[in-house]
Amino acid sequence: MALISRIITWIAGFLSTSGARDGARIIFIKAWSLFLFVTVIPYVLTVWVTRLGAYVFGLVDSQFTIQPFYMQFTGMLGWLLDAFQIPYCFTVIMSAYVARYTIKSLRLMVLR
């Protein structure tokens, strides 16, 4: 009888340490992915879109002659975007969307 109780105690101890380790790992993965999706990825996307726009505008400017009206319109559009902080608003909106998606996907991951 003592042997069976020792075996059961060992199994329970092993499962509790393993369960605590797995639980801590799941919490770490959730926190890390939420951090990445809320802070890093929207910022990186904003930088990439800005660089892509600058690249395309530079390419068009070098290949074609651009009328001064278009240059002024582009400058005014850039000024308006900067005045209304549209890129940062886009970052905040994408952060909220990605956080919602992440929380939704992590909730599904826990139910499995």
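Please treat every number below as a calculation from the coordinates, not as lab data. Predicted model only: the values in this text are computed from it and were never measured. Please note: Cβ atoms are built from the backbone with ideal geometry, for glycine as well, and neighbour counts cover all protein chains shown.
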Full-extension gain in nm, S33 to S16, via 0.36 nm per residue minus C-alpha separation
3.6 nm
Extension gain, I26 back to L80 (0.36 nm per residue minus Cα-Cα distance, nm):
15.0 nm
Label-point separation (nm) for I8 and C89, each offset 7 Å from Cα along Cα-to-Cβ?
6.5 nm
